[in-house]
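Structure, as structure tokens:
The values are calculated or read from the model by the stated rules, or taken from the named source; none is laboratory data. Every value quoted in this text rests on a predicted model; they were computed, and no experiment measured them. Cβ sites come from the backbone with ideal geometry, for glycine too, and all protein chains shown count toward neighbours.
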Amino acid sequence: MSTQKTPLSSEHERLGGKMVDFDGWWMPVQFKGLKLEHACVREGVGLFDVSHMGELRVSGEHSLKSLQWLTSNDVSKLKKGQAQYSLLTNFEGGIVDDLIVYCLEPGADYLLCVNASNKDKDLAWVTKNNKGADITDESSFWAQVAIQGPKAMELMKEVLGASVESINSFSFLPLSFKGTECLVARTGYTGEDGVEVFIPSEVAVDFWSTLLKKGEPFDVQPIGLGARDTLRTEMKYSLYGHEIDDSTSPIEAGLGWVVKLEAKEFIGSEKIQSVKDKGPQQKLVGFKMLERGIARQGYRLFSFDNNEVGRVTSGTPSPSLSENIGIAYLPVEYCKIGSEFLVEIRNKKIKAVTVKTPFVQKG
Amino acid sequence: MTTYKIPEENYYTKEHEWAYVDENLVTVGITEFAQDALGEVVYCELPEEGQKVNQGEPFGVVESVKAVSDLLAPVSGTVIEVNAPLQDDPGAINDDPQNEGWLVRIEMDTEKELANLMRAPEYKKTITESQS
């Protein structure tokens, strides 16, 4: 498969981004440095090119019925201009993808924002299990830029006008950028305030350049995928392929809050109900290392009497905390905060302890 | 294309370690090209003094935020000195990989192994090829 470029790939190269092939996309992993970029989002404002994300339009009179069957959250609760974090589930009660559902017109028109690496899989799955909705892949039409950080809304006011402030968390508004309509959503993947903006691909470069220019007084920086990952890990947000996949249960992953078993029947709901009824065997927990070493995805976890008890799903140095943190599935008896266990790092067993999450407390 | 400093006096491995040879003492580090490719090094694991190492085999690890990379010994011998401060603050590996960021000193078993390493012009050629 050849590497795809976003409408902003050449801008990133021009700005000195270190470019890598990320799941088939030519993306910047860092610009000036991961720690600097991380701090920029925690303390100021940063820009992320997330144009690689997929957008699927689900519309028509059967759109609500289809989405109620396909996704785990209750789509009927969405009013026009509201967004919802949700899951596409499979018949085994596992997770096909995590996504955000945007309600453009209740009962008639919805936009799904899905993971880049899963887009083709999602499109095939949604098409196969559709209940009569019109499904269109709009991924190449839309570019997407996330503006995140405590100063993000000030910058957005400069670029799109005062009305951005009226957008509540998990809501969105169509707004004009130089005459082109874009969708501005008060969502993000960093734990900071900010927006994610869907903008037609042909105006992406202008939008990006305008953000950089008007962001100069705020010392805005472009942010690479490296800091995107450390920022989300500090919040213990799930990343598909790490914390969640086709075989993980939403209940074990701590995503029970987006699974509305009382409200409706959906794909895999019976299986998920039975996990809930029996009680999960393992749960996703956050931990920090007590000794030197970085836990990485796939590393094995051991009890002090040397039984393998789990695996690391994500691990990284936390730039905000200057500690090495991680996320892992552990048996429920190890999930109590303060439980100690061992991480196997290159044949050595290193002590770690479960901690309260998000790792970084905001607000 | 970025140009990297490749000191003439050093030997190089194809895994991007440099080796400075002073009689039978070999100082080892990673090249500027390697640190740039790694990104910010956040952790490094170095051997104990007195440990035996073998040419081409791992003697330690450097980790950036995203990746773990083995450090491979350019020559066989005994580790006689370790740049211990790097284990608490590996910043020098990025800032000055060819001086302050040196990793270990090895007392080499035999000079013959140097023949398996590259000199600067040859190393320069390999990184130029990998960039194009």
request  = Out of the residues in region B:48-68 that are free of Cβ contacts under 8 Å to residues at least 60 places away in the same chain, buried (at least 18 other Cβ atoms within 10 Å of the Cβ) and away from chain A (no Cβ under 12 Å), state the one that is nearest to the chain's Cα centre (by Cα).
outcome  = B:59
inquiry  = Of everything in region A:153-203, what is in a strand (DSSP E or B), surrounded by 15 or more Cβ atoms within 10 Å (Cβ to Cβ) and among the small types (Gly, Ala, Ser)? Give them in sequence order.
reply    = A:171, A:185, A:194
inquiry  = Looking at (1) surrounded by fewer than 19 Cβ atoms within 10 Å (Cβ to Cβ); (2) farther than 20 Å from residue A:197 by Cα, which one does residue A:5 not meet, given that it meets all the others?
reply    = (2)
task = Among the residues of region A:283-293, write down those that are more than 14 Å from chain B (Cβ to nearest Cβ) and more than 22 Å from the chain's Cα centre (by Cα).
result = A:290
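Among the candidates B:82, B:65, which residue alone is touching a Ser or Thr at 6+ places or on another chain (Cβ under 8 Å) and of a type outside the set (Ser, Thr, Tyr)?
B:65
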message = Whether any residue in region A:294-304 is touching a residue at least 60 places away in the same chain (Cβ under 8 Å), farther than 19 Å from residue A:254 by Cβ and within 13 Å of chain B (Cβ to nearest Cβ) is what I want to check.
response = no
task = Taking residue B:74 as the residue in question, decide whether it is buried (at least 17 other Cβ atoms within 10 Å of the Cβ), part of a loop (DSSP other than H, G, I, E, B) and in contact (Cβ under 8 Å) with a residue 60 or more places away in the chain.
result = yes
task = Tell me which residues, restricted to region B:16-47, are in a loop (DSSP other than H, G, I, E, B), under 15 Å from residue B:103 (Cα atoms) and more than 13 Å from chain A (Cβ to nearest Cβ).
result = B:16, B:31
ask   = Quick check, is residue A:225 closer than 21 Å to residue A:318 by Cα, among the aliphatic types (A, V, I, L, M), in the same structural domain as residue A:32 (by TED's automatic domain parsing) and in contact (Cβ under 8 Å) with a residue 40 or more places away in the chain?
value = yes
ask   = residue A:359 passes all but one of (1) within 12 Å of residue A:294 (Cα to Cα); (2) part of a loop (DSSP other than H, G, I, E, B); (3) not aliphatic (A, V, I, L, M); which number fails?
value = (1)
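Could you tell me whether any residue of region A:33-41 is at positive phi and away from every other protein chain (no Cβ under 14 Å)?
no
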key: Any hit, region B:29-45, residues being among the small types (Gly, Ala, Ser) and in contact with a Pro (Cβ under 6 Å, 6 or more places away or on another chain)   = yes
request  = Among the residues of region A:329-363, write down those that are of a type outside the set (S, T, N, Q) and within 14 Å of chain B (Cβ to nearest Cβ).
outcome  = A:343, A:344, A:345, A:346, A:348, A:350
Checking residue A:280 against (1) in contact with a helix residue (DSSP H, G or I) (Cβ under 7 Å, 6 or more places away or on another chain); (2) away from every other protein chain (no Cβ under 14 Å); (3) closer than 27 Å to residue A:148 by Cβ, the condition it does not meet = (3)
remark   = Only one of (1) surrounded by fewer than 24 Cβ atoms within 10 Å (Cβ to Cβ); (2) in contact (Cβ under 8 Å) with a residue 40 or more places away in the chain does not apply to residue A:70, and that is (1)
ask   = Of all residues in region A:8-31 being of a type in the set (S, T, N, Q) and surrounded by 19 or more Cβ atoms within 10 Å (Cβ to Cβ), which is farthest from the other protein chains (Cβ to nearest Cβ)?
value = A:9
ask   = Of the residues B:112, B:125, which is away from chain A (no Cβ under 14 Å), among the charged types (D, E, K, R), closer than 18 Å to residue B:37 by Cβ and surrounded by fewer than 14 Cβ atoms within 10 Å (Cβ to Cβ)?
value = B:125
